[in-house]
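The values are calculated or read from the model by the stated rules, or taken from the named source; none is laboratory data. Since the structure is predicted, the reported quantities are computational estimates derived from the model, not experimental observations. Quick reminder, even Gly has a Cβ in these numbers, built from the backbone with ideal geometry, and neighbours come from all protein chains shown.
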Amino acid sequence: MRLSSMATPPSRRRPVPWPWAIALACAVLPVTSPAAEPLALQGIMKDMGRNMQAIVDGLSREDYAAVEKASLAIADHPQPPLGEKLRIMSFVGGNAPRFKAFDGETHDNAMALARAAKSGNGGDSIAAFHKIQSSCLACHQTFRKPFQEHFYGKAEVR
Ligand code: HEC
């Protein structure tokens with residue numbers, strides 16, 4: 001029989017070099033894993049953070065034109081590329097409406113701050129700033145950790 005003639009007697013089998021195979025897999029996996037690539041969303045978020053700092057600075061200096069400009073930049077923040085949006089939406093799944101609602105709230109609160117700044121009202125601007133900061137926090141409390149675990153793996157969480 002063809003099959004039996006191909007079989008090697010057990011006594012002559014070479015031992016499987018498992019430790020080598022495992023060491024090799026460990027060395028190669030982190031390099032080939034696409035999970036470490038940061039999302040475009042992360043860059044968009046960094047810009048949102050910088051614009052929030054510009055708002056605080058503008059409020060302190062009563063430079064309402066600067067506050068208005070940074071608020072509008074937050075309201076009209078860029079979107080991630082389509083492929084990444086699809087990855088994000090498939091990950092959030094049934095929570096997509098919630099995710100979008102947090103983004104919508106942030107937009108509306110940023111527009112309200114832009115209006116308060118345009119009218120030059122310091123008190124209204126600070127109240128509006130409080131609201132926008134709370135809407136950033138609401139989304140982060142719900143989604144940031146799961147995103148980091150899903151897209152970067154637990155070990156990458158900073
Ligand atoms: C709809 C949800 C959502 C809203 C609203 C939101 N964020 Fe985020 N943000 C995230 C997620 C998800 C991450 C993690 C992204 C990642 O690590 O790739 C994040 C991360 C960040 C980071 C960390 C970026 C880094 O360097 O790792 C900053 C800063 C940030 N957001 C600022 C803001 C500010 C400021 C606002 C409000 C003006 C805001 N975000 C509103 C979802 C949101």
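Values computed for the structure shown
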| read-out | value |
| --- | --- |
| Breaking point among (1) surrounded by fewer than 16 Cβ atoms within 10 Å (Cβ to Cβ); (2) in a loop (DSSP other than H, G, I, E, B), for D108 | (2) |
| Checking E149 against (1) modelled with pLDDT of 95 or more; (2) within 14 Å of the ligand (Cβ to nearest atom); (3) part of a helix (DSSP H, G or I), the condition it does not meet | (1) |
| Where a residue in the range 42-64 is farther than 25 Å from N121 by Cα and its partner, wherever it lies, is of a type outside the set (V, I, T) and modelled with pLDDT of 95 or more, with Cβ under 6 Å and at least six apart | I44/H77; I44/P78 |
| Single unsatisfied condition, A128 versus (1) within 18 Å of the chain's Cα centre (by Cα); (2) at pLDDT 95 or above; (3) assigned to a helix (DSSP H, G or I) | (1) |
| Residue, farthest from G58 (Cα to Cα), within the range 112-125, restricted to residues that are in contact with a helix residue (DSSP H, G or I) (Cβ under 6 Å, 6 or more places away or on another chain) and assigned to a helix (DSSP H, G or I) | A112 |
| 3 or more residues of a type in the set (A, V, I, L, M) and at pLDDT 65 or above: qualifying helices (runs of 4 or more DSSP H) within the range 1-85 | 40-61, 64-75 |
| Selected residue [surrounded by fewer than 17 Cβ atoms within 10 Å (Cβ to Cβ), of a type outside the set (S, T, Y) and within 30 Å of E37 (Cβ to Cβ)] from G122, G153 | G153 |
| Residue match in the range 121-139 (condition: within 9 Å of the ligand (Cβ to nearest atom) and more than 16 Å from N51 (Cα to Cα)) | yes |
| Matching option when the condition is over 15 Å from M48 (Cβ atoms) and near the ligand (Cβ under 9 Å from one of its atoms), among K118, K100 | K100 |
| Condition check for Q133: in the same structural domain as A66 (by TED's automatic domain parsing) and over 20 Å from S60 (Cα atoms) | no |
